[in-house]
Amino acid sequence: MTTDNYLVTDEDGTPAAFVDMDQIQSQAVRFAYDMAAACGDRAELERVSEQHLAEAGTGAFGYVAAAALRNMTEQVLDPVLDVTDRLHETGHLAHDLRAGLAEAAANARKELG
């Protein structure tokens, strides 16, 4: 079995971290689903975040979090929006949630730079 290990360097080429991409991807999937399962419970979201930070360590947590965000979007949010799109199209949901998210993103870019 091979793993994808990478040496990460800063902008000057100084080694900053050594990361195992297989481990990062595996933890990112778990982190995304743990966060999705904790949705609506702020204390549990905090606990899950702290658990994954401790597991990944400060050197790799940013990579885990970025990959988890992508996984959350592709594996959780997109399927939910597919359902809400269909419900909106058939008149069972008044609001177009996908359009609302696009509007919120545009507002965030405008207001937050």
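A few points about this structure:
- In the set D12, D20, only one residue is loosely packed, with under 13 Cβ neighbours inside 10 Å and of a type in the set (D, E); that residue is D12.
- Meets criteria (at pLDDT below 95, out of contact with any strand residue (DSSP E or B) (no Cβ under 7 Å at 6 or more places or on another chain) and assigned to a loop (DSSP other than H, G, I, E, B)) for D12: yes
- All helices (runs of 4 or more DSSP H) inside segment 27-113 with 1 or more residues being open to solvent by less than 50 Å² (accessible area, probe 1.4 Å), farther than 30 Å from A17 by Cβ and in contact with a Leu (Cβ under 6 Å, 6 or more places away or on another chain): 78-89
- Odd one out for L7 among (1) touching a residue at least 40 places away in the same chain (Cβ under 8 Å); (2) open to solvent by 80 Å² or more (accessible area, probe 1.4 Å); (3) of a type outside the set (D, E, K, R): (1)
- Within segment 65-86, the set of residues being among the hydrophobic types (A, V, I, L, M, F, W, C) and in contact with a helix residue (DSSP H, G or I) (Cβ under 9 Å, 6 or more places away or on another chain) comprises A65, A66, A67, A68, L69, M72, V76, L77, V80, L81.
- Conditions (1) part of a helix (DSSP H, G or I); (2) in contact with a helix residue (DSSP H, G or I) (Cβ under 7 Å, 6 or more places away or on another chain); (3) more than 24 Å from Q75 (Cβ to Cβ): number failed by A17: (1)
The values are calculated or read from the model by the stated rules, or taken from the named source; none is laboratory data. Computed from a predicted structure; not experimentally measured. Neighbour counts run over all protein chains shown; Cβ positions are idealised from the backbone, glycine included. When the accessible area is computed, the model is the full protein with side chains, heavy atoms only, and any ligands, DNA or RNA have been set aside. Shrake-Rupley method; radii C 1.70, N 1.55, O 1.52, S 1.80 Å.
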